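*Asks:* Below is one structure. I have some questions about it.
The values are calculated or read from the model by the stated rules, or taken from the named source; none is laboratory data. Nothing here was measured: the structure is a model prediction, and the numbers come from that model. Every residue, glycine among them, receives a Cβ derived from its backbone with ideal geometry; neighbour counts consider all protein chains shown. For the accessible areas, the whole protein counts, side chains as well, though only heavy atoms, and no ligand, DNA or RNA atoms are used. Shrake-Rupley method; radii C 1.70, N 1.55, O 1.52, S 1.80 Å.
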Amino acid sequence: MKVHQSVLELIGHTPLLRLRTGIPEPGPQAYVKLEFLNPTGSLKDRITYHILKKALDDGTLKPGDTVIDNTSGNTGSSLGMVASVLGLKAVVTTPEKTSQEKIDLIKSYGAEVIVTPDVEDHDDPQGCFMVARRLAEEKGYYDVNQYHNQDNVEAHYLTTGPEIWDDTDGKVTHFVCGIGTGGTFSGTARFLKEKNPKIVNIAVDPVGSIFAEYIKHKKQVKGHAYQVEGIGSDVVTDALHPQLVDDVITVSDSDSFHRARLIARKEGISGGGSSGAVAFAMEKVAGKVGPESLMVGIFADAGIRYLSKCYNDNWMRKHGYLPKVEVNQ
Ligand SMILES: Cc1ncc(COP(=O)(O)O)c(C=O)c1O
């Protein structure tokens, strides 16, 4: 019988699907890894399962304990799901900009959600990052701290990297991935580089994030607000290993959202804004490489999480990504 005893067994082993939008013919082969087929709909199921299971196995965590982290949403639902199944409690802090769909999903897995104000500064005591650290300290919660946790990187080194290598029979030449904590990129890129040092690892960063400048020039600039969720950062994270980055491509909110919408309409692949950013970057790479190349990009989560945002025309118009409609037309 091919059955499963726990939802945790369904984490990972996500498929690689051909991407055609923006890829010239003749040109490189291009595939996207559908991380939205993980149980809670994002790549974060890999890291929360790895981190919590490892802590339970080494006794740092005991059944009944409470775990906490700050999140743009996806880690929250993963933490809620994995914690519930492993007999733990989860508390997550998330900024106001997180979509209501994401907040409701986190709660649906039994996690407690603390919504904090959107803050300019990462270290603002009111912000989701500092509130999570403070509560972990004050209440003795286990701090997952994904942005600075090397087990976040290890989860992808042990799963995402090997899956891409095996599913492409070792023919992958270019890896394209958005960077939020940097864990997916760093763990996967390290594994692929160890397998074939010629593999080119390309990080994707939103316009307004500080990563690209830091990676290229080791300079910490002041970022500015942007709307694509899950990627980019206003601080340097320990989960990002810049020495593994061969190239970094910055993509605007508008290009990310429009590409995500186009691919959903043309190819039926409905990804979030960060998937649109990755696909936009893959087009840029595809224009510079030949048919002998094979690119793999990460689609981190699903469009269904953004029905009130980039897949909503009124929201797109309100934020200037679509032209206003003239009333007398
Ligand atoms: C939608 C989305 N895309 C991309 C990423 C990037 O993943 P990582 O944190 O591993 O860099 C995240 C992370 O939260 C995400 O939620």
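*Asks:* Taking the residues in the range 226-243 that are out of contact with any helix residue (DSSP H, G or I) (no Cβ under 7 Å at 6 or more places or on another chain) and in contact (Cβ under 8 Å) with a residue 40 or more places away in the chain as candidates, determine which candidate is surrounded by the most Cβ atoms within 10 Å (Cβ to Cβ).
*Replies:* 234
*Asks:* Does the range 157-178 include one or more residues that are of a type in the set (Gly, Ala, Ser), within 27 Å of residue 276 (Cβ to Cβ) and surrounded by fewer than 16 Cβ atoms within 10 Å (Cβ to Cβ)?
*Replies:* No; the residues of the range 157-178 include none that is of a type in the set (Gly, Ala, Ser), within 27 Å of residue 276 (Cβ to Cβ) and surrounded by fewer than 16 Cβ atoms within 10 Å (Cβ to Cβ).
*Asks:* Confirm whether residue 45 is free of Cβ contacts under 8 Å to residues at least 24 places away in the same chain and within 30 Å of residue 137 (Cα to Cα).
*Replies:* No.
*Asks:* Taking the range 249-270 on its own, how many of its residues are touching a Pro at 6+ places or on another chain (Cβ under 9 Å) and away from the ligand (no atom under 13 Å from the Cβ)?
*Replies:* 3
*Asks:* Another question about this same structure. So which residues in the range 151-175 are among the β-branched types (Val, Ile, Thr) and more than 16 Å from the ligand (Cβ to nearest atom)?
*Replies:* Quick first cut of the range 151-175, residues among the β-branched types (Val, Ile, Thr) only: 153, 159-160, 164, 168, 172-173.
Passing the criteria: 168, 172, 173.
*Asks:* Those residues that are over 21 Å from residue 228 (Cα atoms), open to solvent by 10 Å² or more (accessible area, probe 1.4 Å) and either within 14 Å of the ligand (Cβ to nearest atom) or touching a residue at least 40 places away in the same chain (Cβ under 8 Å) (or both), I need them from the range 54-80; list them, please.
*Replies:* 54, 60, 65, 66, listed by residue number.
*Asks:* Now for a separate question. Could you tell me whether the range 5-23 includes any residue that is part of a strand (DSSP E or B), in contact with a helix residue (DSSP H, G or I) (Cβ under 7 Å, 6 or more places away or on another chain), modelled with pLDDT under 95 and open to solvent by 10 Å² or more (accessible area, probe 1.4 Å)? Don't jump to the end; show me each part of the working.
*Replies:* Initial filter on the range 5-23 (part of a strand (DSSP E or B)): 16-18.
Within this subset, residues satisfying the condition of being in contact with a helix residue (DSSP H, G or I) (Cβ under 7 Å, 6 or more places away or on another chain) are 16.
Still in the running and modelled with pLDDT under 95: none.
Checked against the condition, which is being part of a strand (DSSP E or B), in contact with a helix residue (DSSP H, G or I) (Cβ under 7 Å, 6 or more places away or on another chain), modelled with pLDDT under 95 and open to solvent by 10 Å² or more (accessible area, probe 1.4 Å), the range 5-23 yields no hits at all.
*Asks:* Taking the range 276-288 only, how many residues are open to solvent by 20 Å² or more (accessible area, probe 1.4 Å) and either among the hydroxyl-bearing types (Ser, Thr, Tyr) or within 15 Å of the ligand (Cβ to nearest atom) (or both)?
*Replies:* So the count comes out to 1.
*Asks:* Further question: What do you reckon, is residue 189 more than 26 Å from residue 33 (Cα to Cα), open to solvent by less than 20 Å² (accessible area, probe 1.4 Å) and either in contact with a Leu (Cβ under 8 Å, 6 or more places away or on another chain) or not in a loop (DSSP other than H, G, I, E, B) (or both)?
*Replies:* no
*Asks:* Checking the structure you have, find out if any residue of the range 262-275 is modelled with pLDDT of 95 or more, within 18 Å of the chain's Cα centre (by Cα), within 25 Å of residue 98 (Cβ to Cβ) and surrounded by fewer than 24 Cβ atoms within 10 Å (Cβ to Cβ).
*Replies:* yes
*Asks:* Kindly establish whether residue 211 is over 13 Å from the mean Cα position of the chain (by Cα) and within 13 Å of the ligand (Cβ to nearest atom). Walk me through how you get there before you give the answer.
*Replies:* Details: over 13 Å from the mean Cα position of the chain (by Cα): yes; within 13 Å of the ligand (Cβ to nearest atom): yes.
Taking the combined requirement at face value, the residue satisfies it.
*Asks:* Follow-up. Could you please find all residues in the range 24-52 being away from the ligand (no atom under 14 Å from the Cβ) and either in contact with an Asp or Glu (Cβ under 7 Å, 6 or more places away or on another chain) or open to solvent by less than 40 Å² (accessible area, probe 1.4 Å) (or both)?
*Replies:* The answer is 27, 28, 30, 39, 52.
*Asks:* Residues in the range 245-257: is at least one farther than 30 Å from residue 194 by Cβ and among the charged types (D, E, K, R)?
*Replies:* Yes, because at least one residue in the range 245-257 is farther than 30 Å from residue 194 by Cβ and among the charged types (D, E, K, R).
*Asks:* Can you tell me which residue is nearest to the ligand (Cβ to nearest atom) among those in the range 291-305 that are out of contact with any Pro (no Cβ under 7 Å at 6 or more places or on another chain) and open to solvent by 10 Å² or more (accessible area, probe 1.4 Å)?
*Replies:* For the range 291-305, the residue satisfying everything is 300.
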